[in-house]
Structures are given as C-alpha cells and as structure tokens.
Amino acid sequence: MAQRRILVTAALPYANGPIHIGHLVEYIQADIWVRFQKLRGHQCIYICADDTHGTAIMIRARQEGRSEIDLIAEMQQAHVRDFEGFDIAFDNYGSTNSDENRQLCGEIWRALRSRGLIVERDVEQLYDPEAGTFLADRFVKGTCPKCKAPGQYGDNCDKCGSTYRAADLIDPVSTHSGARPELRSQRHLFVQLQQLHDFLTEWTQCGEHLQEEVANYLQGHFLNEPLRDWDISRPAPYFGFEIPDSPGNYWYVWFDAPIGYMASTRQWCDRHGEDFDDWWRSPDVEIHHFIGKDITYFHTLFWPGMLKSAGFTLPTKVRIHGFLTVGGEKMSKSKGTFVMAQTYLQHLDPSYLRYYYATKLSPRLDDIDLNLDEFAAKANADLVGKVVNLASRSAKFVRATGLAARYPDDGGLFQRAAAAGDEIAAAYEEGDYGRAMRLIMELADRANPYVEAAAPWNLAKDPRHAQELQDVCTVALNLFRQLAIYLAPVLPRLAQQTGVLLNKPIEHWADSQTPLVGTPVAQFHHMLKRVDRKDVDAMIEDSRTPSAEEPVGEPAAESAPAISQPLSDEPLAAECTIDDFAKVDLRIARIIAAADVPEANKLVKLTVSLGGDEQRTVFAGIKQAYTPEQLVGRYVVLAANLAPRKMKFGTSEGMILASGSGGQHVFLLTVDDGAEPGQRVH
RNA sequence: GGGGCCGUAGCUCAGUGGUUAGAGCAGGGGACUCAUAAUCCCUUGGUCGGGGGUUCGAAUCCCUCCGGCCCUACCA
C-alpha cells in the first residue's frame, strides 16, 4: 500500500476553561484515527493548538488582574496536561497567539484583499462604556423586542425564536459590567463570501468532503440564497492580531483560529525539517478536520473559502461528531456529570473512556451518550474479562519457557482473526469505531473458549504435557496480542504493555497477521484494573459543584453547553428609579380558564380575572411546565398594563410573572392567602 | 411551519429484500477454579413502534400514523 500523507486536526480548545469529558470525545476520536493511520504505516501528523483570542479572554484577564499572555500560558499548560493524561498524542500543540499564526493570517488576508473579497462599511454596535469594549451579541442581554421575554441574548430570543439586532433589545445590559450599552458606529471589514458561492456549492455538494446530512444542511440553510458578508474585524480594544492595513481593527477570533491549524503545522515542520508548503499546498496530502457539529458553519463555508482564496489545500474531509450527553441528559454541573478531565483522571483510568467512546462512535453526527453503568460494564466485561484475561490466565505458564518455536495448530483461530483485520481496518478508516470494536470483541469471544477447552492449568500439573502446555499458551498469547494490535489505536497503553510482556513492541498493523514464536515471556503484571462503581460515583460526587461559575466565551470548540448559575446567566439589570418601577402595573390575577394551544410548542391560553367583570386573555409560554388543569384557580401576578401583543393564536393582554430558564423549568409566582384578584403589587 | 435522524430482547446495539431475526451485557441453571469473584457450557426473553401497500418473499422498499431527539424558522 502506498504511504499516505495525512494531516489531522481537532478543533482548537478555547483558552478560557479546562478540558472536560465532552471535549474529549473529539480529541480521543481524532487521536484514535491518527494512531490507526500511523500503525498502518502512513505518515500522519496530529495538529492542534489553543484558541486564545477574543473578548472573553481579554475580559477575564482584566478581571483577574493579569495579562492575557499570562492567562493563556497557564491555560495552555493545563490543556496539555489534560491531553497527556488521556494519551492524546499531538504531534504539535501550538497557540493561535504565535508569530507563525500572525504571519499566516497576514498572508491569507493579503490574498483575500487582492482577490477583491474584502469590503468595508460602518456597523452600529453596542458599546460598553464601563468596560470600554464593543459587545458581541452574546455579551448583551435584555428583553426580547418581540415577545418581551427577559434575559435574552443579543442575537435571538430562545423564547419566541425571533432574531433581531442586539441594539433592538429592550433594556440591554452588558454581561461584562452590568452597564447599559450605548450604540456606536464603527468601521468593520467583511469578506464577501458570495463571490465564492459557486465554489462552495461545488465543494460542499460533491459528496466527498462532508457527511451527507451536513451537505444537505448547508445547501438548505445557506447555499440556497446569496451568502451574507462575513464580519471579520473587531475594533480595539480586542485581544488578537491587529489587521496590518487597517489600524485599530483586529481580526475576529474565528478568522485566526482555523489558521491556527496551519501555524501549528508550521511549528511542527520547523522542528522536523519539513517544508510547510509540502503540507498545506500539496495535492498529495490529505487534510482531515475533526470538529463538533456546533462549529460546522465555520469549517465548511468560511474555512474552505479562505483556503481556496489563498491557494492552500482544501480539506479532504471535515468529520463532524455530535455532542456528549451523560445518562441521556446534557452534562450538568449540579448533577455532577460535567466532569473535568482532571477530575476523571483522579478516579479512573483513561483507557476506559477511550474504549467506551470508541464503542459509541460512528461516522455520523449523532450525539453520543455516556451511561455510567454501561461504561463500567463495558470496561469490565470486554477489556478485563475478555481481552486482558487471555494474557493473565496463560502468561505465567510460559514464563520459564517462552513462546513455542513454531506456531501450533489452533483450529484456524489465529488465521480467522488475521483475516478479519481488513474489515476492522476499514471500519477504523471510515470512523466507524463502534463497528471496529464489535468486530474485535467477536474475536475475543472465540478466544476464551479455546483456553477453556485446552485447560492449561491441568496440563501444568503433569510435566509430560510440557510441550502441549507451551503450545496452548502460545496460542492464547498470540490471540491476545492480535487483539491488542487491533485495539492499539484505542488503547495505546495496553499495546505498550503487551509489547513488554512478549518482548516485542507492537509497531505495525501487519503484526497482527503473523504469530509471534520463540520469544521470551516476561512476568505478567496487571494491565487494567476493573472499574469499581464506587470510583465512578466518587468522580460524579467530586464534579458536583452547584456554585461553579460559568465560563463565558465566544463560540469556541465547546462540545457541550454548560448549565450555569442564574445570576451569572442573567446579570442584574441597570439600576432604575421607583418611578421606572411604577410604570409596570402588577396585579393579582386569578386564572379562571386555561386551554391548551395545540399548534403551539410553548403557549397556554389563559383567561384571568382581575376581580369583578374585568378579565384578560393571556398567552403564557408555560406549556411544558404546567398542564391547564394545574393552572385553573391559581392566583398569579400579572403585568397588567403591558401593551397588547398580537400573536399567531390571538392577542395576549399581559404577562404572567414566572422565573426559570424556560421549557420545563418555569416557575410561576404565587401569592399568599388573603390576596385578592385586582390588587396591585407594590 | 419546514428539514434531518431515530424507534429491533430488560439495557446497548448489529442486521438495509431471501432459509425458524442476531450479539454483548443483564436474568435463570450448571461447570471450572489458571485468571482481576475473571472464564466456559446451557437457557429465558422479540406480533423488528402501529397500520396499509409493493413483492413469490419485507426488520429491510413505498405510503401513512404514533413516539423520541436534533437543527431551523414569516424564505431550504
């Protein structure tokens, strides 16, 4: 087989928080693929870096009273340590805040300029006068201009789903300082992606680079209409690279982040005497990006557009995976399922997680679930019970003699398992690790009955059976080694230990095709501890931090959204006067009728009484939290002088007060006994 | 509202037109005692979400309904 040259990247983790088990899905997935390719004898390099720029880093450094450089250096150290702990072996781990990156950004920028893709125009954006920064949409919160839901981010409302400009928010608040932002005009630079429309359609739809569902998504969401200009600059102050021909403006973090793949490659090239253009401008190199589905957009439209414009090699494949859930739910800090890499490592062996993820991963972008019972069962039953057991029950019988000089008759077991190698390799190649693991475990399921039938422990009792004993153990250990080779991309430690046990390192996939004979066998040492459910529980307990602060960041390589504290989620609004407060007329209301709105996802139609004949119709977005039956007769608080709002299902004449994040988490305000409908709340 | 994915044994899944639908784990019974209470043998368990259709033949193809998840939304 011709040696392929393959460059693999995983998304750059943002330098604003530690690595958690959600991130690890991707880094492990890519690491397995890289190790597999290396084992197959291909030249493959695994490239990553910290994503260090953006407002979030700047603000955080300021809050902590230190420089951004100091902050990102510390974070990088933590990330590197976490990755090492999980046997994730990057060939180079760089930083987007590097000279190499600045230089490459400039190079690509000049290419975009020279091709006439850059335009400039003024943008009105909210500015935080206290923090002295412009505010990205997600750093502004306020009341949705459409449905009046409070606490919405600056780009869209998760209550009614409408999109708007941050400047349209009612009572906007900066999440940095709590200050009221002001609208300022500022010159921004844009990439006219529309000029690349035909290219991007062709590239995304040709069927080679993307999963089919991703190609369909892009076609349906973006490529079916003119592509919008991409705002690629941010005004000072901004932690990042200043745009050389546009002083006072900085490249948006999402411009320099993917270029970080190249900058990190360049560092690797410099260390290994390789030519950078040989990797990024060579038709012979395959480039594979592993990313999460949250950053699809950047890697499948902007990034190919940038590469194309600057004459670099386009990605061979963008391999997109889903999010991690734990126990079928989003990772949760309060439930202890938001597990940091370090916390995991304090309690459990990384091999378990690598194997578990491998059994769950497929080429598709389905979310994968970490079920803790299944996690323990898989590690124990498959790895310890089936695989390692083969070695631990046979190695000591050949400690003195070593393996037999000729491979004995094993009824075709080794040959059959060798023949399965191609199919297993094909599964790895296409990212179908779940299938690869199933195939390997089928082999393991055939190996143990052999040992059982041959009963080496009986043969060991009679010296006359010495040769037979050696033969049986030679078979058992070779079958074990074969499994260890097939599992080596997933379990590098097991492969290494196997090499030590049999005095022959595992170096190549092809080692699985030929039995090992005549070599000495070392003392057997435990290779993998059984998972104790108590350790799993302790890890969850250690992760349970209801007061944990929510890291804020611009969209980075997050693999799972976090659950956060109410106050940081929705900071206090700007101060108001008692006159401001009095503008809102809050009244006690009694719900006299409640009806489901079948066509609506969230709405319940309420008829409330304000006493006497005064009634109002209110549509409340509480369907997922309350049934109509639960509501009738309740006393609630109504914002009674709110302008009527025409909705799809009728006109809403007020709002019922409730807290909570929405969905099932809505909590109506109730009133103590004695209050009467119509009374004002002061 | 639109789009996508999914629904097979208690659990996790395999099986995408062809003999009585499979595996692992869990459950039940037995064996063994070399091995990390690991292993081995036997075994219980499924109108393949419901209904309709195409076909000599459907878990598999088509239609429809139900349920779940995800994305997106006056535009796919």
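Below are the figures for this structure:
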| read-out | value |
| --- | --- |
| Chain A, accessible area per residue, ligands and nucleic acids excluded (1.4 Å, Å²) | 43 |
| Taking all pairs of distinct alpha-carbon atoms in the stretch A:374-513, Kirkwood radius in angstrom | 15.4 |
| Over 31 Å (Cα to Cα) - which of A:38/A:333; A:317/A:602; A:330/A:583; A:141/A:330 fall in this group | A:38/A:333; A:317/A:602; A:330/A:583 |
| Rounded FRET efficiency, nearest 0.05, which uses the C-beta distance separating residue A:667 from residue A:119 and R0 of 45 Å | 0.40 |
| C-alpha center-to-center spacing [the stretch A:2-59, the stretch A:372-443] in angstrom | 28 |
| Using a Förster distance of 60 Å, the FRET efficiency for residue A:513-residue A:533 (Cβ separation, nearest 0.05) | 0.95 |
| Separation in nanometres of the label points that stand 7 Å from Cα toward Cβ, at residue A:583 and residue A:679 | 2.7 |
| Charge sum, other residues only, whose C-beta stays under 13 Å from residue A:408's C-beta, Lys/Arg counted +1 and Asp/Glu -1 | -3 |
| Dipole magnitude of chain A, debye to nearest 20 (Cβ charges: Lys/Arg +1, Asp/Glu -1, about Cα centre) | 1120 |
| Amide H contacts of residue A:287 (H built 1.01 Å from N, under 5 Å, at least 5 apart or other chain) | A:7, A:316, A:317 |
| At R0 = 35 Å, FRET efficiency that the Cβ-Cβ distance of residue A:630 and residue A:66 yields, to 0.05 | 0.10 |
| Chain A: relative contact order as a whole-number percent, Cα under 8 Å and 6+ apart | 14 |
| Rounded to 10°, Cα long-axis angle of helix A:99-114 versus longest principal axis of chain A | 60 |
| Ordering of A:196-208, A:287-299 by burial proxy (mean other Cβ atoms within 10 Å per residue, highest first) | A:287-299, A:196-208 |
| Positive-end residue, the stretch A:379-470 charge dipole about Cα centroid, Cβ charges, pick of A:450, A:402, A:414 | A:402 |
| Three principal axis lengths of chain A [C-alpha, angstrom, descending] | 104, 66, 47 |
| Extreme residue, positive dipole direction of chain A, given options A:132, A:90, A:307 (C-beta unit charges) | A:90 |
| Rounded percent of accessible protein surface that carbon and sulfur make up, chain A, 1.4 Å probe | 49 |
| Order by protection proxy (mean Cβ within 10 Å, highest first), peptides A:392-405, A:337-350, A:40-53 | A:40-53, A:337-350, A:392-405 |
| Ordering of A:117-124, A:460-467 by packing [mean C-beta count within 10 Å, highest first] | A:117-124, A:460-467 |
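The values are calculated or read from the model by the stated rules, or taken from the named source; none is laboratory data. What you see is a predicted model, and the numbers here were worked out from it, not measured in a lab. Heads up, the Cβs are rebuilt from the backbone with ideal geometry, glycines too, and the neighbour counts pull from every protein chain shown. The area values use the complete protein model at the heavy-atom level, side chains included, leaving out ligands, DNA and RNA. Shrake-Rupley method; radii C 1.70, N 1.55, O 1.52, S 1.80 Å.
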